[in-house]
Amino acid sequence: MAFDKASVRDAEVKGRRVLVRVDFNVPLTDGEVTDDTRIRAALPTIELLRERGAALVLVSHLGRPKGEPDPALSMAPVAKRLGELLGTEVKLAPGVIEGDVDLTCGALGPGDVLLLENVRFEPGETKNDRKLAENLAQLASVYVNDAFGAAHRAHASTAGVADYLPAYAGLLLEREVTELERVVSSPQRPLAVVLGGAKVSDKVGVIDRFLEVADKVLIGGAMCFGFFKAQGIETGNSLVEGVELAGEALERAKQSDCELVLPTDLVLGREFSAETERKESDGVEVPEGWMGLDIGPRTANAYAEAIGEAGTVLWNGPMGAFELEPFSAGTRQVAQAVAAAPGTTVVGGGDSVAALNRFGLEDQVDWVSTGGGASLELLEGKKLPGVEALLDAGEETADA
Ligand code: ADP
Ligand code: MG
């Protein structure tokens, strides 16, 4: 299915103020942005709008403030980094609503960029409060959503605001939806899906969908222990979640043409630490006092081989506790296999992307998704509120 929402490319923006929802939810350490991937991902839309003579009002959330200002989660470091990337001054408004913004906003000329303060400082944001959405809409005459990473949330700045302004898809959002939808709707076969990580309950839902559309689903990370437990296998102190759902998935897999593949060996540690005692185990029983922290070498080889044979590869979730060097080999080998794969490769999930970056492989995959939760919901077949709220393609002339 082609992307069927109105694109920013077709918006009439010259001389107008455009409110752009971006996903600048980036990691910070000591008031510095430590990974600017998400900021760079929004640059094409920002540049396009500036070139076309729009004045930009950017809005994003950062972290999880509790509906009130939290200086540690100010957008100030983001404004600084964005300014460096654009080579222009990016002003920071102290808030997101009228009064906080209007003066600064009124002075914005074509090509100027104003970043609003963290929108989640407003309690109405996550409640999709109408008043807040209306206030945001008053700052501009066109709305563009480029925040794919937040598109699975029906919040004031991601969905509500679209009720008050002509709403367009940003370039990143459009590309994300197009690339991810292609994986499930018309993949080159065989389609191999590699799932891992720790957010098991979030991810088990997506397995159902993949059992229908994929040829192989390869499970690693903490995710495998729900499956082992469901089969009555000892899991020791491993992180176990979603046992019931995993059991259902195992049942469903028997009826499906898709092969559900689990690890056959593991790397164990005493505790979640780089200094802990480590041992490789041939087999997947985890003895008392140990936890599984990586897939074993035999499993990693098998997964790498399946990845190399696939026409399309989707990878979401590290194969182990890759942040800890002694338990990073499985994730590294999978990442390298994905990078070297001749098929189309798509990687999603914050930590999986961090792993790719850590191994210096991010340029060797076809699409790196900036949205973890949003990409999973889209792949699951759910509608994303931030996408649904946009004008349909062809509707733009009527509203603009
Ligand atoms: P992503 O962000 O790519 O979607 P998740 O957030 O689901 O991935 O999971 C990433 C985390 O999973 C990493 O911090 C990693 O340490 C952890 N993890 C992976 N395998 C294991 C395991 N066997 N035991 C404990 N934690 C694990
Ligand atoms: Mg994560």
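The values are calculated or read from the model by the stated rules, or taken from the named source; none is laboratory data. A quick note: this is a predicted structure, and the numbers were derived from the prediction, not measured. Note that each Cβ is placed from the backbone with ideal geometry, even for glycine, and that neighbours are counted across all protein chains shown. Heavy atoms of the whole protein, side chains included, go into the accessibility calculation; ligands, DNA and RNA do not. Shrake-Rupley method; radii C 1.70, N 1.55, O 1.52, S 1.80 Å.
Observations on the model:
- Remark: the Lys66-Glu47 segment gains 3.6 nm on full extension, using 0.36 nm per residue and subtracting the alpha carbon distance.
- Separation of the Ser281 and Asn301 label points, Cα + 7 Å toward Cβ, nm: 2.1
- Each DSSP beta bridge with both residues in the chain is either parallel or antiparallel, and the antiparallel ones are about 25%.
- Separation between Cα centres of the stretch 147-166 and the stretch 312-356, rounded to whole Å: 31
- Highest-first arrangement of 354-362, 271-279, 37-45, where packing means the average Cβ count within 10 Å: 37-45, 354-362, 271-279
- Accessible-area composition of the stretch 286-400, carbon plus sulfur, in percent [1.4 Å probe]: 48
- Under a 5 Å amide H cut-off, with hydrogens placed 1.01 Å from N, Glu259 pairs with Lys216, Val217 among residues at least 5 apart or on other chains.
- D (Stokes-Einstein, µm²/s), Kirkwood Cα radius, the chain, 1.002 mPa s at 20 °C: 97
- Value of relative contact order over the chain, rounded to a whole percent, pairs C-alpha under 8 Å and six or more apart: 17
- Each listed q (0.19 Å⁻¹) maps to a log10 I(q)/I(0) for the stretch 8-173, found by the Debye formula over equal Cα scatterers with no solvent: -1.23.
- Secondary structure note: in the stretch 8-173, about 10% of the DSSP beta bridges are antiparallel.
- Amide H contacts of Trp290 (H built 1.01 Å from N, under 5 Å, at least 5 apart or other chain): Asn237
- Across the stretch 8-173, C-alpha contacts under 8 Å between residues 6 or more apart give a mean separation that, scaled by the residue count, equals a relative contact order of 29 percent.
- Computed accessible area, Lys199, all protein chains, 1.4 angstrom probe, square angstrom: 130
- The stretch 62-140 versus the stretch 174-248: alpha-carbon centroid distance in Å: 37
- Heavy-atom accessible surface of the stretch 187-231: percent carbon and sulfur, 1.4 Å: 42
- Normalised by the number of residues in the stretch 95-217, the average gap of Cα pairs under 8 Å and 6 or more apart makes the relative contact order 19 percent.
- Length added when fully stretched, Asp4-Phe272, from 0.36 nm per residue minus Cα-Cα: 91.9 nm
- Remark on the stretch 295-400: Rg and Dmax equal 17.0, 59 Å (Cα only).
- For Asp265, the amide hydrogen comes within under 5 Å of the amide hydrogens of Gly283, Gly296, Thr299, counting only partners 5 or more places away or on other chains and with H modelled in the peptide plane.
- Kirkwood radius and radius of gyration were both taken over the C-alpha atoms of the stretch 187-380, and their ratio Rg/Rh is 0.94.
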